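One structure is given below, encoded as structure tokens.
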Amino acid sequence: MAVKVILKDGSVKDYPRGTTVMDITRNISEGLARNALGAKLNGKKVDLSTPVNEDSTLEIFTFDSEEGRDLYRHSTAHIMAQAVGHLFPGVRFGIGPAISEGFYYDFDVPENFSPEDMARIEEEMERIIKEDLPFERIEVSRQEALKMFEASGEKYKVELINDLPEDAVISCYRQGDFIDLCAGPHVPSTGKIKSAKLLSLAGAYWRGSEKNKMLQRIYGTSFPKKSLLDEYIFRIEEAKKRDHRKLGTELDLFSMQDEGPGFPFFHPKGMILRNELESFWREEHKRAGYDEIRTPVILNRAMWEQSGHWDHYRENMYFTKIDDIDFAVKPMNCPGSILIYRSKLHSYRDLPIRMAELGLVHRHELSGALHGLMRVRCFTQDDAHIFMLPSQITEEIIGVIDLIDRFYKVFGFEYHVELSTKPEKSMGSDEIWDMATEALKKAIEARGMEYKINEGDGAFYGPKIDFHLRDCIGRTWQCGTIQLDFQMPEKFALNYIGEDGQKHRPVMIHRVVFGSIERFIGILIEHFAGAFPAWLAPVQVKLLTVTDRGLDYAEEIRKAMLQNGIRPEVDGRNEKIGYKIREAQMEKVPYMLVIGDREVENKTVAVRKRGEGDKGAVDLQEFIETVQEDIRLKR
RNA sequence: GCCGCUAUAGCUCAGUAGGUAGAGCGUAUCCUUGGUAAGGAUAAGGUCACCGGUUCAAUCCCGGUUAGCGGCUCCA
């Protein structure tokens, strides 16, 4: 009896019933069979050893797919657990999943692991890999599973089994002397893992809850080739060098002070960056039909109760008292915007009204969560609230998507979007949430964009589209977000006068493009490794005199540049030219001009461009125009 | 907030097995006026994060606090 198998490319082949996935793979191609790690059979992820007993669709996973990488790393996690089991008898095992760039496994051990232990564990893993032990799938009943893990004292596994749904198929995987509760699938054998490396050690609560015991987590990663691992390690090193906290200090952009944990201080050079971003933002928003507003940082308790923040967001807010009345520092800008909208009567003809605000918000973040400019306790959202007719929803969302797209392109970021749906802690009926979620979907789809859904990840007042941008070393950051809100207009009884002369309720969009200016600056610092394009660079041109005789001319050039909207700085110190160049290079200034006797005499400038070196002498006016062109084109 | 680690000059870091500290870079002054990634000399600069304890004596040992780092959790 033959079964039909539909492959990923749509082709259909017949195989005898019971042929394994591996055999089919081999039949497709030897090369694919060599690289195959697992498969998806009728939508279910399975091992290569799985027999095909019915007509099926089949997709083979190699390391080139996310699924392939995940199961490769997951298998590596099992190998690490086996190694830890060998070296630390009495260890209890937590969970060990694959994560985006590797895997981890949580262990309950009496003594914390030391860095030396990591090396020993790695060695033991090597040994297990060399043994090329097959991964064997074993399906067991709930009773058998409980009996087995209770007998070995694996209390965490027992807890996991007890929490599995009634109808769950319980499976274990065994390689050699190690057996673990696991849904699978896994690579065929331990020898498939070529280059594994343990990366770091951390404490992590059992099941992520601070009420539970803290386990020891070991992070690692693995690749089918040494060169891929090396590349990955290189990328991590590269990321370390780009760390915005380090560059922020070196380039004198901002600082953090003990006096204000999580509250960044922007230095003059950092302010230039900020102001450039803000003026770009103002320009673009004016063009896109936004009006700018500014609302107070502190508002009274009654208002926060009305907005729902008192009930839904209190633990993140800061409070104060004025004349014995409770006030709160704003964690979001929306209520301020709403109060402005409500300050007068609106006609349907006025809508949409787009009110933008660079609003400083404060949120109480856990002390351990703070991280440079990426995670702070006060930040400026490049916020806007759009008040509109229900019929304008799709068009307005598309408008925001286009605006965000325009922004990210200027910085050279690619991005993807995610749609987040109703969270547990939320306001409003399911019907309204469904309607809002559908509206967001429609807009994304109208724009022909791919998206991922994050169930239960929306804001408490509405679903949202998040924009995750990808920086030049492949990391992603959530920046822009568009949130649709039917709740706030209701809470604040907003209305507009419709064609019929009656009051109607408008719909609201909350949206940000940069997200937080602070975080965006952090991302830019890392993206450009501190070497900002000329339009953003705090110092665009550094004038380097060869001798004191060049000082007057340098000063003349400096003034000419200031007149022409360029940011120059003169290094007129009594130092050698090589020394000044080195310093300017380390400051990552886009242009250096060497000013010696020749330039003074010919009224030229000797240009040295960052990344390109000596460009020779050019006419001053010509150079000014080059820089102006860079600034104009945002290069 | 929780777990682990850390805190010495503006920056990066050494050091004292308990007897109040040192380097490089940077800064200042002087010499040097040198053409594309570090010229030389001299000097200044530290309540060794803060508060307590042990001790004849604490930067060092102990406890606490604060802040930072790596995670967990959370998020712009």
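The values are calculated or read from the model by the stated rules, or taken from the named source; none is laboratory data. The shown structure was predicted, so the numbers you read here are calculated from the model rather than taken from an experiment. All Cβ positions, glycine included, derive from the backbone under ideal geometry; neighbour counts span all protein chains shown. For the accessible areas, the whole protein counts, side chains as well, though only heavy atoms, and no ligand, DNA or RNA atoms are used. Shrake-Rupley method; radii C 1.70, N 1.55, O 1.52, S 1.80 Å.
Listing for the model above:
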| item | result |
| --- | --- |
| Residue within the range A:40-61 that is free of Cβ contacts under 8 Å to residues at least 40 places away in the same chain, in a strand (DSSP E or B), more than 16 Å from RNA strand B (Cβ to nearest atom) and among the aliphatic types (A, V, I, L, M) present | yes |
| Filtered residues of the range A:384-401 (kept if in contact (Cβ under 8 Å) with a residue 12 or more places away in the chain and open to solvent by 10 Å² or more (accessible area, probe 1.4 Å)) | A:Leu389, A:Pro390, A:Gln392, A:Ile393, A:Thr394, A:Glu396, A:Ile398, A:Gly399 |
| Cross-chain or 6+ apart pairs with Cβ under 6 Å, the range A:449-470 first and assigned by TED's automatic domain parsing to the domain that holds A:Val400 and open to solvent by 70 Å² or more (accessible area, probe 1.4 Å), then of a type in the set (Ser, Thr, Tyr) and near RNA strand B (Cβ under 10 Å from one of its atoms) | A:Asp457/A:Ser420 |
| Unmet requirement for A:Val400, which otherwise passes all of (1) modelled with pLDDT of 95 or more; (2) assigned to a helix (DSSP H, G or I); (3) more than 15 Å from RNA strand B (Cβ to nearest atom); (4) of a type outside the set (S, T, N, Q) | (3) |
| Criterion violated by A:Ser279 - all others in (1) loosely packed, with under 13 Cβ neighbours inside 10 Å; (2) among the hydroxyl-bearing types (Ser, Thr, Tyr); (3) within 14 Å of RNA strand B (Cβ to nearest atom) satisfied | (3) |
| Those residues of the range A:186-197 which are open to solvent by less than 10 Å² (accessible area, probe 1.4 Å) and in contact with a Gly (Cβ under 9 Å, 6 or more places away or on another chain), in sequence order | A:His186, A:Val187, A:Thr190 |
| Residue list for the range A:540-580, filter: of a type in the set (A, V, I, L, M, F, W, C), within 16 Å of RNA strand B (Cβ to nearest atom) and buried (at least 20 other Cβ atoms within 10 Å of the Cβ) | A:Val541, A:Leu543, A:Leu544, A:Ala554, A:Ile557 |
| Condition check for A:Arg245: outside any loop (DSSP other than H, G, I, E, B), open to solvent by 70 Å² or more (accessible area, probe 1.4 Å), touching a residue at least 40 places away in the same chain (Cβ under 8 Å) and of a type in the set (Lys, Arg) | yes |
| Every residue from the range A:263-274 that is surrounded by 13 or more Cβ atoms within 10 Å (Cβ to Cβ) and either of a type in the set (D, E, K, R) or in a helix (DSSP H, G or I) (or both) | A:Lys269, A:Gly270, A:Met271, A:Ile272, A:Leu273, A:Arg274 |
| Output for the range A:324-355, where each listed residue is among the charged types (D, E, K, R), without any contact (Cβ under 8 Å) to a residue 60 or more places away in the chain and touching a Phe, Trp or Tyr at 6+ places or on another chain (Cβ under 7 Å) | A:Asp326 |
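Let's see how each residue does on (1) surrounded by fewer than 18 Cβ atoms within 10 Å (Cβ to Cβ); (2) assigned to a helix (DSSP H, G or I):
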residue: A:Lys321; (1), (2): yes, no
residue: A:Ala328; (1), (2): no, no
residue: A:Met332; (1), (2): no, no
residue: A:Leu339; (1), (2): yes, yes
residue: A:Glu357; (1), (2): no, no
